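Down below is the structure, laid out as structure tokens.
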Protein chains: 2
Amino acid sequence: MKLYDCATAPNPRRVRIFLAEKGIAVPTVQVDLRNGEQFTPEFRAINPECTVPVLEFDDGRRIAEVVAICTYFEAIQPDPALMGADAQDRAIVAAWQHRAEREGLWVVADAFRNAARGLKGRALPGPDDYEQIPALAERGRARATRFFEVLDRALADRAFIAGDRYSIADISALVMVDFAGWIKLTIPEGCTHLRRWHAAVSARPSATA
Amino acid sequence: MKLYDCATAPNPRRVRIFLAEKGIAVPTVQVDLRNGEQFTPEFRAINPECTVPVLEFDDGRRIAEVVAICTYFEAIQPDPALMGADAQDRAIVAAWQHRAEREGLWVVADAFRNAARGLKGRALPGPDDYEQIPALAERGRARATRFFEVLDRALADRAFIAGDRYSIADISALVMVDFAGWIKLTIPEGCTHLRRWHAAVSARPSATA
């Protein structure tokens with residue numbers, strides 16, 4: 001088994017943190033996204049979508065999506081549970097993880113990719129070229145700030161995003177917050193619960209994985 | 001337990017199909033999205049995000065996201081497995097389910113909501129108003145068509161989206177294809193595998209749930 005990774009990119013970082021929390025070591029292969037290695041014929045043969053992370057099994061099957069990769073490791077090594085311990089808890093974690101993507105990570109990606117000078121004509125990852133949409137960048141910034149406030153309210157009465165236990169929802173939210181830093185969006189001063197949480201999850205050894 | 005539902009909306013339909021495939025009956029409460037019931041103080045108290053579906057447990061906890069709701073039912077009633085039977089299978093199903101959302105359902109939603117006359121100022125569901133972005137509607141149509149082709153290639157050598165067994169990925173993809181019909185996007189003639197699959201999954205009794 002091996003993991004196609006890129007040390008500087010947000011999405012593979014989510015998998016690395018997940019594995020670090022589980023104490024699982026997987027050999028990694030670095031893909032140089034900055035220099036376009038994801039668009040080479042060699043990497044397209046591995047993942048036609050030209051993205052990382054990709055988990056490759058020994059039988060050659062591959063999975064190219066963060067939560068799917070984490071689902072595999074959660075199934076083969078349930079402890080510590082990072083995707084919920086019982087049925088209701090699993091559902092609550094899945095719901096927050098989903099929000100951290102759809103209202104967090106993808107929204108920051110909208111803001112970043114539709115405004116970055118170096119990404120003209122590359123508003124989306126993947127093999128196809130799409131023009132930047134400036135209005136989408138602007139909307140992304142507004143929505144990311146709104147999601148900081150959603151997270152802050154959620155954290156008012158609990159230690160972690162989905163409850164009293166650290167989970168994949170914390171991983172996705174941590175990576176979203178740090179990714180937002182790329183476009184100079186920081187947690188508002190008033191979001192004291194989110195600031196406390198961010199300091200706590202950033203201090204875990206897994207955060208540097 | 002009860003499910004806040006809307007008989008005409010794509011996302012709650014995914015849950016209804018999932019439950020029908022499991023043979024699980026849950027009492028439903030219809031929310032009249034067309035007449036704005038989701039924005040009433042009563043419904044905001046149930047889900048501040050103003051969306052359906054919402055699953056409400058007897059202890060009052062609520063889950064307002066499709067895959068999270070399905071995760072709960074898969075955990076309490078594993079048969080028939082709709083989210084993968086073993087660790088690798090679970091991951092493969094999760095990856096396709098994710099693509100059916102991010103490259104399918106959300107993309108059709110972009111195309112629909114950013115162009116529909118009746119949704120001016122309402123480009124996103126939820127409590128906040130966002131202006132329509134015409135370029136996003138146009139991009140959505142192009143991407144939805146591209147995803148039809150991705151699905152067609154995937155179905156060339158297997159019966160269902162994620163393998164030989166019907167799964168939640170088929171449910172999300174079916175609802176995406178039917179949702180695309182709202183904006184007059186139909187499966188291209190040349191996508192014969194996708195057409196064969198669409199006929200098969202539409203013929204299952206669950207499709208009318």
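For this structure, a couple of remarks:
- Estimated inter-spin distance, A:ARG158 and A:ALA7, nm [label 7 Å along Cα→Cβ]: 3.6 nm
- Within the same chain, lysines fewer than 8 places from B:LYS184 are excluded, and of the rest, those with a Cα less than 23 Å from its Cα are B:LYS120.
- Antiparallel bridges, percent of DSSP beta bridges restricted to the protein assembly as shown (to nearest 5): 60 percent
- Here is how the number arises for chain A: DSSP H runs of 4 or more residues each give -39500 (n - 2.57), the sum is divided by the residue count, and the result at 222 nm is -14500 deg cm²/dmol.
- Distances in nm from B:SER202 to the matching label points in the other copies, shortest first (labels 7 Å along Cα to Cβ): 5.2
- The dipole here belongs to the protein assembly as shown: it is taken about the Cα centre, uses +1 on the Cβ of Lys and Arg and -1 on the Cβ of Asp and Glu, and is about 880 debye.
- FRET efficiency for A:ASP79 and B:ILE24, using Cβ-Cβ distance with R0 set to 51 Å, rounded to 0.05: 0.95
- Partners for B:LYS22 among lysines (Cα-Cα distance below 28 Å; same-chain residues under 8 apart left out): B:LYS2
- Per-copy distances of the B:ARG44 label point, shortest first, in nm (7 angstrom along Cα→Cβ): 5.0
- Nearest-first distances (nm) between copies at B:GLU131, label 7 Å from Cα via Cβ: 1.7
- Sequence-distant contacts, meaning Cα pairs under 8 Å at least 6 residues apart, place the relative contact order of chain A at 22 percent.
- Exposure proxy shown here: for A:THR51, A:THR208, the number of other Cβ atoms within 10 Å sets the order, fewest to most, as A:THR208, A:THR51.
- Annotation: the residues B:MET1, B:MET83, sorted from fewest to most other C-beta atoms within 10 Å of their own C-beta, follow the order B:MET1, B:MET83.
- In region A:87-208, Cα pairs under 8 Å separated by at least six residues give a relative contact order of 28 percent.
- Couplings for region A:70-85, taken from phi via the Karplus curve 6.51 cos²θ - 1.76 cosθ + 1.60 with θ = phi - 60°, read 5, 4, 4, 5, 4, 6, 7, 9, x, 9, x, 5, 10, 10, x, 9 Hz in order; Gly and Pro are left as x.
Bear in mind these aren't lab numbers, they're just calculated from the coordinates by the rules spelled out. Please read all numbers here as calculations on a predicted model, not as lab measurements. Backbone-built Cβ (ideal geometry, glycine too); neighbour counts: all protein chains shown.
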